[in-house]
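Report on the structure given below.
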Amino acid sequence: MLLKLSVLLTSASFVATQEVDPVAVDFDPDALRFSCSDASATPSTPLHIADIDTTYSEVTVLLDPISDIGLNASSPEDGKGRMCVLSRWTKALEDKAAGEGYYFPLGRSVDGIPGELNGNDGDWNRPAGHSAWQLGYSCGVANNTGTNFAVGEYMCEVTLPKTSKQNLKNPMLTDELNTPYYVTYYERALSLRNELARFLHLTTFGPTSAELDALEVTYASIKDGTTDNSTDTSSTNTTTAATSLSHSEAMSKLQIDWVKAQMDPTTFTSGEFSSHRKYWRKRLNPRRWETYRIGEAGPAPCELHSRWRKFAFTD
């Protein structure tokens, strides 16, 4: 398989794992504060937030990042993906009961995904697309004290816009709309093979069963510390003691080693890097100024890669 997006992969991994100093933020002292901790008891089930009412005015709320919500204390590194989503229903609550409308995402906090502004792990972000362009999440350490928080607590703030709008036919009237808001906790356990397949989807034109089998064996040896780390010199033999690694450490090492191997020309069949320019120039017809001459790639008509044409453009 050909290497693809290796630079992007390593850059993204660096961004996702780098430490960023939190910024001090003056939050709204009277804002309501919400978290996904209650919703985590029933994953994938939206939890109604009855205290938010944006019928006549915008409302500022405080949100806790995903942090360790839903994390198994006995097994903190179980490879489970976790996400908290803030959304609103597009219709009134009574219309929702009648099956009208849909969930409209307003933001999400994902474990392992940095924020837009500060880049801290799990910060709340706007969803993709233009639908939430009017929203902006500000995350950091509280520089003040409020009704629902104290100085030094880390959280995020967002202002939800008013949902009622002016009537299009009669500007003197207002179409009142009191939409319900929800927080939903999601979690997903990804198997090792699926995680390796996702990695190969990002870096190649697609995984094969043989490649996945080989990477599973490599992962097991890296995680158990059974990889060959010995170095042999003419004067002495040194063996690095085997050390068991965590899942994230083993996966990170596997990906880095794989990328390095892909960029090592000694592992190629040809022993050198391929070149599109070299391939193109080798098969390019030479430019001929004489209109009566036919273009050929070599001096002999039957030479390998020779090209022939009846007409040539010189301008």
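So here's what we get for this one:
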{"item": "Condition check for Ser221: out of contact with any helix residue (DSSP H, G or I) (no Cβ under 6 Å at 6 or more places or on another chain), surrounded by fewer than 10 Cβ atoms within 10 Å (Cβ to Cβ) and either modelled with pLDDT under 55 or of a type in the set (Gly, Ala, Ser) (or both)", "result": "no"}
{"item": "Residue match in the stretch 115-124 (condition: in contact with a Phe, Trp or Tyr (Cβ under 7 Å, 6 or more places away or on another chain) and either polar (S, T, N, Q) or closer than 26 Å to Leu177 by Cα (or both))", "result": "yes"}
{"item": "Subset of the stretch 41-73 [open to solvent by less than 70 Å² (accessible area, probe 1.4 Å), over 15 Å from Cys84 (Cβ atoms) and in contact (Cβ under 8 Å) with a residue 40 or more places away in the chain]", "result": "Ile52, Thr54, Thr55, Ser57, Val59, Thr60"}
{"item": "Near pairs, Cβ below 6 angstrom, 6+ apart or cross-chain, from the stretch 200-226 (free of Cβ contacts under 8 Å to residues at least 12 places away in the same chain) to any residue that is outside any helix (DSSP H, G or I)", "result": "Ser221/Thr227"}
{"item": "Members of the stretch 124-154 found to be open to solvent by less than 70 Å² (accessible area, probe 1.4 Å) and either of a type in the set (D, E, K, R) or more than 15 Å from Arg108 (Cβ to Cβ) (or both), listed by number", "result": "Ser138, Gly140, Val141, Ala142, Asn144, Gly146, Asn148, Phe149, Ala150, Gly152, Glu153, Tyr154"}
{"item": "Subset of the stretch 163-178 (residues that are without any contact (Cβ under 8 Å) to a residue 12 or more places away in the chain, touching a strand residue (DSSP E or B) at 6+ places or on another chain (Cβ under 8 Å) and open to solvent by less than 80 Å² (accessible area, probe 1.4 Å))", "result": "Asn167, Asp175"}
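The values are calculated or read from the model by the stated rules, or taken from the named source; none is laboratory data. Quantities reported herein were computed from a predicted structural model and do not represent experimental measurements. Glycine also receives a Cβ, built like all others from the backbone with ideal geometry; neighbour counts cover every protein chain displayed. These accessible areas exclude ligands, DNA and RNA; they are computed on the full protein's heavy atoms, side chains included. Shrake-Rupley method; radii C 1.70, N 1.55, O 1.52, S 1.80 Å.
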